[in-house]
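The values are calculated or read from the model by the stated rules, or taken from the named source; none is laboratory data. Please read all numbers here as calculations on a predicted model, not as lab measurements. In this analysis, Cβ positions are derived from the backbone assuming ideal geometry, glycine residues included, and neighbour counts consider all displayed protein chains.
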Amino acid sequence: MSDIDGKEKIEPPPSTLSRRDLIKGVIVGGVAVSSASYLFRASTLVGQSARGTGERLLTINVNGQLRRVDVMKQETLAWTLRHKLGLTGTKLGCDRAECGSCTVLIDDVPHYACSVLTHTVRDRKVLTIEGLASPDGTLHPVQQGVIDEQGFQCAFCMPGFIMASVAFLKTNPNPTRTELAHGLSGNLCRCQDYDKILTAMMRGAENMRRASRA
Amino acid sequence: MAVIRDVMPAFELFQPTSIADAQKLLQQQGHDAWVLAGGMDSFDWLKDRIKKPKVVVDLSGITELKGVRTAADGIEMGAMTTLTEIIQHPIIREKYKLLAESAELVASPQIRNQGTIGGNVSQDARCWYYRAGWPCYRAGGNICYADTPEGRNREHAILYADRCVAVNPSDTAPALIALDAKFVIRTSKGERVVDAEDYFIGPDIDITRLHILKPGDLLTAIRIPSTWAGAQFHFEKVRDRNVWDFPLLNVASVMMVSSGRIERIRIAVNGAAARPLRLKVVEDAVRGKPPNAATGEMAGKLAVQGAVPLQFNAYKIPLMRNLVKRAIGGVQEATWTS
């Protein structure tokens, strides 16, 4: 984490800034906030790199962009996305391949980003929730389905569910509710909102079919 | 134990692109090296700081370890072929569906997309005392925490326990044993091919490993002969929840029936012992008999002979009896008895 070196000038955040924007700003700008756990983590990592397995500059393809980023050998893709590239839409729940909230697509196939080493995705295409909408801001049909049906309660698990759905619907555009549930069985919702989530994802499937006909 | 969500401790990462290079690396690094396939078992060990290898050798860049090929007799699967590829492969679906069925019941879609067939058969035990880093027999100590009056051992062994009572958690392993698969192993001395059932070992042979691979050895491929192509298959897995979970028990069988009699059969059970068990006694007893409930009943009783329950896993004995009964007598005919 060479970007956290405290050299940048600290700008007081504007009062209208949301918590999410603030955290993103901290990551992208490299401004250290004493209460942010990121800084504590970064300092322990600096100690590790001193022992010889430091970071290496990689170029990875994320959401269609080539991003250059310093990556440790033992770093997971979820960590790189969230803490190095500021793509905090990918959530870290269990960090043990058990909850699905970190699901991203690697070459169109859903993977748990917490259980992929960033060094193994160098020649592959990574798609996160941030890369789903078109450049003009039009939402992906599955994202629209979520809004149409108000599919989630707290929505922490939502990015993972949406990514798993998008991948499943690409190969199974016309699933039954049971088939879709089976396809999304690698994602957990702590609010137990599965029924509404499925309804939203079925609506997303319908939106996708309509979009492909148009 | 609290779940640590920090970055894993540092290790040196090697990403060889050929089997030869991987072997060279493993020989150089010796016991310090950790072989990484899909990582679905490895990352738990590394993240929990239970295993702290200095060097990780990632096999995901080795193309010759991937994919399903047709061989002279049957098929050959590279050890790094993902479970999803195996589930979707047309030849496997047509001729060896038993394997596809077992792979489909592994964990979750995302895990099947990344987990490999080599990793699934080589994964370590799930006993939580062992996974949590307790210094038990399997970890090189001299106590078993699960086999004590208060030990939590609902998931543990009922057969062939020897100090350690952990079980093998693989779903594809019994299917491969039933299909008479051969495992291709690359050692420092050259290539070695073993029968699927001989790949797995119990604590009586080595208490710290579930398979015969020694440091530096690599499982490179698994071959399925055409012997059982299109036979009558049965795979059943019992687990606490329908996703993610490892088997409490599973059963895989292949059967050839002619004029109402079992002509040839192979059957294997996993989750009952430290290695998947091929039930030769059952195979011999049911040959020549009709595949009905009565034969199944007899087979089930034979299968659990010698079983010794622990404090909390006595249910596994009737469960195994009934799974074997259903595999042979058919699912419709069998009724639940205890």
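Key figures for this structure:
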quantity	calculated
Filtered residue count, segment B:60-85, keeping only those that are over 20 Å from the mean Cα position of the chain (by Cα) and more than 10 Å from chain A (Cβ to nearest Cβ)	9
Flag for A:ALA211 being crowded, with 19+ Cβ neighbours inside 10 Å and touching a residue at least 40 places away in the same chain (Cβ under 8 Å)	no
Which listed residue is part of a loop (DSSP other than H, G, I, E, B) and within 24 Å of A:ASN172 (Cα to Cα), from B:VAL7, B:VAL106	B:VAL106
Selection from segment A:56-66 of residues that are closer than 23 Å to B:ALA10 by Cβ and away from chain B (no Cβ under 13 Å)	A:LEU57, A:THR59, A:ILE60
Residues that are more than 24 Å from B:THR17 (Cα to Cα), out of contact with any Asp or Glu (no Cβ under 8 Å at 6 or more places or on another chain) and in a helix (DSSP H, G or I), drawn from segment B:72-90	B:GLN88, B:PRO90
Close pairs (8 angstrom Cβ cut-off, 6 or more residues apart or separate chains): surrounded by fewer than 23 Cβ atoms within 10 Å (Cβ to Cβ) and among the aromatic types (Phe, Trp, Tyr) in segment B:64-83, at pLDDT 95 or above and in a loop (DSSP other than H, G, I, E, B) anywhere	none
Output for segment B:111-164, where each listed residue is over 15 Å from the mean Cα position of the chain (by Cα), hydroxyl-bearing (Ser, Thr, Tyr) and surrounded by 19 or more Cβ atoms within 10 Å (Cβ to Cβ)	B:TYR129, B:TYR130, B:TYR137, B:TYR145
Spans of helices (runs of 4 or more DSSP H) in segment B:222-334 with at least 1 residues closer than 30 Å to B:THR148 by Cβ	B:293-303, B:316-329
Filter result for B:VAL308 (of a type in the set (Val, Ile, Thr), closer than 20 Å to B:ASP162 by Cβ, in contact (Cβ under 8 Å) with a residue 12 or more places away in the chain and exposed (fewer than 15 other Cβ atoms within 10 Å of the Cβ))	yes
Flag if B:ASP44 is outside any helix (DSSP H, G or I), acidic (Asp, Glu) and within 10 Å of another protein chain (Cβ to nearest Cβ)	no
Candidate set from segment A:121-138 (those that are among the β-branched types (Val, Ile, Thr) and buried (at least 18 other Cβ atoms within 10 Å of the Cβ)); member that is farthest from A:ASN187 (Cα to Cα)	A:VAL121
Unmet criterion (only one of (1) outside any loop (DSSP other than H, G, I, E, B); (2) closer than 16 Å to B:PHE246 by Cβ; (3) out of contact with any Lys or Arg (no Cβ under 7 Å at 6 or more places or on another chain)) for B:ALA157	(1)
Whichever residue in segment B:22-41 is touching a residue at least 24 places away in the same chain (Cβ under 8 Å) and part of a helix (DSSP H, G or I) and, among such residues, is nearest to B:GLY115 (Cα to Cα)	B:ALA22
Criterion (outside any strand (DSSP E or B) and over 17 Å from B:VAL121 (Cα atoms)) met by exactly one of B:ARG69, B:ARG49	B:ARG49
Residue tally, condition of a type outside the set (A, V, I, L, M) and either in a strand (DSSP E or B) or farther than 26 Å from B:TYR96 by Cα (or both), over segment B:52-66	5
Restricting segment A:55-96 to residues that are free of Cβ contacts under 8 Å to residues at least 24 places away in the same chain and part of a loop (DSSP other than H, G, I, E, B), the residue that is surrounded by the fewest Cβ atoms within 10 Å (Cβ to Cβ)	A:CYS94
Test result for B:ASP206, among the charged types (D, E, K, R), free of Cβ contacts under 8 Å to residues at least 60 places away in the same chain and in the same structural domain as B:MET77 (by TED's automatic domain parsing)	yes
Residues of segment A:115-152 that turn out to be β-branched (Val, Ile, Thr) and part of a helix (DSSP H, G or I), as a count	6
Residue in segment A:157-214 that is nearest to A:ALA97 (Cα to Cα), counting only those that are charged (D, E, K, R) and not in a helix (DSSP H, G or I)	A:ARG190
Candidate set: segment A:97-114, residues that are more than 7 Å from chain B (Cβ to nearest Cβ), in contact (Cβ under 8 Å) with a residue 40 or more places away in the chain and part of a loop (DSSP other than H, G, I, E, B); chosen: the one surrounded by the fewest Cβ atoms within 10 Å (Cβ to Cβ)	A:ASP108
Only listed residue being of a type outside the set (A, V, I, L, M), surrounded by fewer than 18 Cβ atoms within 10 Å (Cβ to Cβ) and under 18 Å from B:LEU99 (Cβ atoms), chosen from B:THR172, B:THR227	B:THR227
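Rundown of residues vs (1) surrounded by 14 or more Cβ atoms within 10 Å (Cβ to Cβ); (2) at pLDDT 95 or above; (3) in contact with a Phe, Trp or Tyr (Cβ under 9 Å, 6 or more places away or on another chain); (4) assigned by TED's automatic domain parsing to the domain that holds B:LEU99, yes/no style:
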{"site": "B:ASP180", "(1), (2), (3), (4)": "yes, yes, yes, yes"}
{"site": "B:VAL184", "(1), (2), (3), (4)": "yes, yes, no, yes"}
{"site": "B:GLU197", "(1), (2), (3), (4)": "yes, yes, no, yes"}
{"site": "B:GLY216", "(1), (2), (3), (4)": "yes, no, no, yes"}
{"site": "B:LEU219", "(1), (2), (3), (4)": "yes, yes, yes, yes"}
{"site": "B:GLU236", "(1), (2), (3), (4)": "yes, yes, no, no"}
{"site": "B:PRO247", "(1), (2), (3), (4)": "yes, yes, no, no"}
{"site": "B:GLY260", "(1), (2), (3), (4)": "no, yes, no, no"}
{"site": "B:ARG266", "(1), (2), (3), (4)": "yes, yes, yes, no"}
